[in-house]
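Please read the structure below before turning to the comments.
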Amino acid sequence: MLMPLFLYLAQVMEKAKIINRLKKVKTLKGFAKLLNDIKRDEFGTATYKISEKQLRHFSSSDIFADRYKTFHISKKSGGVREINAPCYQLKVILYILNKVFKAVYTPSKAAMGFTEKRSVVTNASLHTGHHYVFNIDLENFFPSIPQAREWKRLQLPPFN
């Protein structure tokens with residue numbers, strides 16, 4: 001029983017460390033340093049550092065082709081789903097950014113999708129025994145969110 005508690009406390013301290021470091025970041029160079037420190041902790045290496053130039057490149061909305069590999073997979077209901085998989089460099093940056101976001105943001109108890117330790121099974125269990133469940137799938141949800149909206153959200157608490 002002590003091991004899981006120890007791991008939980010280590011995770012909490014790690015979150016606190018990330019939050020503390022993030023509060024001190026004032027420049028893109030400082031942000032890149034923070035990401036590289038997290039990357040070193042996660043992967044055990046500082047090789048191939050995330051640069052300011054990479055962060056500018058990947059945050060620009062001008063270029064798409066060199067960042068993603070686009071392919072299609074079949075849907076159960078028929079038709080195809082378009083998948084845009086990030087290139088390796090972007091995938092690493094997104095992984096590290098996810099660590100930062102998880103440190104500063106706690107999702108609502110009602111949120112199930114893309115939330116750690118929650119799934120469609122967790123969501124379904126909340127509705128067991130109910131006579132009706134309303135289920136929808138928003139078509140093209142993620143591509144419908146404009147970059148300006150994402151940028152504005154990152155300027156508000158808890159991200160600032």
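Taking label positions 7 Å along the Cα-Cβ direction at both Ala85 and Leu138, the computed distance is 2.6 nm, reported to one decimal.
Plainly put, the stretch 55-123 has a radius of gyration that is 1.05 times its Kirkwood radius, both from alpha-carbon atoms, as the Rg/Rh ratio.
Would you please classify the overall shape of the chain from the alpha carbon gyration tensor, given that a ≥ b ≥ c denote the square roots of the eigenvalues, rounded means a/c under 1.5, and beyond that prolate means a/b larger than b/c while oblate covers the rest? Note, shape of the chain comes out oblate. For the stretch 46-100, a simple Cβ point-charge model (Lys and Arg +1, Asp and Glu -1, everything else neutral) yields a dipole of about 220 debye relative to the Cα centre. Taking the Cα centre of the stretch 32-160 as reference, the dipole from Cβ charges on Lys and Arg (+1) and Asp and Glu (-1) amounts to some 200 debye. Per residue, the stretch 37-118 exposes 75 Å² of accessible surface when a 1.4 Å probe is rolled over the protein heavy atoms with every protein chain present. Residues whose amide H lies under 5 Å from that of Tyr68, counting only those 5 or more places away or on a different chain, are Cys87; hydrogens are built 1.01 Å from N in the peptide plane. Atom-type composition of the exposed protein surface of the chain places 61 percent of the accessible area on carbon and sulfur (1.4 angstrom probe).
Approximating the spin labels as points 7 Å out from Cα along Cα→Cβ, the Val25-to-Lys102 distance works out to 1.6 nm. Net charge around Thr47, counting only other residues with Cβ within less than 15 Å of its Cβ (Lys, Arg = +1; Asp, Glu = -1)? It works out to a net charge of 0.
The values are calculated or read from the model by the stated rules, or taken from the named source; none is laboratory data. Just so it is clear, the structure is predicted and the values come from calculations on it, not from any experiment. Note that each Cβ is placed from the backbone with ideal geometry, even for glycine, and that neighbours are counted across all protein chains shown. Ligands, DNA and RNA are excluded from the accessible area calculation, which covers all protein heavy atoms including side chains. Shrake-Rupley method; radii C 1.70, N 1.55, O 1.52, S 1.80 Å.
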